[in-house]
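The values are calculated or read from the model by the stated rules, or taken from the named source; none is laboratory data. Values in this document were obtained by computation on a predicted structure and should not be read as measured data. Cβ sites come from the backbone with ideal geometry, for glycine too, and all protein chains shown count toward neighbours.
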Amino acid sequence: MIFRLQRKTDLALAALRRLGAGDDGPLSGVDLADAIDTSMSFLPQIMSPLVRAGWVTSERGPGGGYRLSEHSASASLYDVIEATEGPTHTGRCVMRDSPCPGSDPCQIHYVADEARAVLADGFRRISAIEADQGDRQ
C-alpha cells in the first residue's frame, strides 16, 4: 500500500510551519514562496485553502502578506489534507477503482475501511503546524 501526500499539501504544511516560526508581522508572498521553495505563481493554490479554512490571514498591499490566525492551532494534519486534496474518503473501492457497491463489497472492503479510519484518526492527532516535513533543502 502506498500513501503519498500531494505536493500542494506538503507545501501547505511547510507554509504553516514557516508562518508559525515567524514573528508577529505578516510574511510577504515573495518571502513565503522562497522559504517553502515554490513559485509565486503556485503560492495562491497553496495558500487559498489555508485562508478559506481560517488558519491563515492574507493582507494585500505594502506591508501585507500572510500570517497565522488564532484558529491555526486547531488545524490537524488531517484537516490540511482534506482542505488541499479534498475528501479523504471518496466512497471508491480500492480494488475496483469504482464506487463501492454496498451489497457486494470487495474482499478487502472492511480491512480498507478500518485502515482508513485508523490513519485518519492518527492524522487528526498531529498538529499541522508541528507536522515534520523532513529535509526541504
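Assorted remarks:
- Among the conditions (1) part of a loop (DSSP other than H, G, I, E, B); (2) touching a residue at least 12 places away in the same chain (Cβ under 8 Å), the only one that P62 does not satisfy is (2).
- Checked against the criterion of being at pLDDT 85 or above, outside any helix (DSSP H, G or I), acidic (D, E) and under 18 Å from A131 (Cα atoms), the candidates D37, D79 yield just one match: D37.
- Residue in the range 74-114 that is surrounded by the most Cβ atoms within 10 Å (Cβ to Cβ), counting only those that are touching a residue at least 40 places away in the same chain (Cβ under 8 Å) and of a type outside the set (V, I, T): A75
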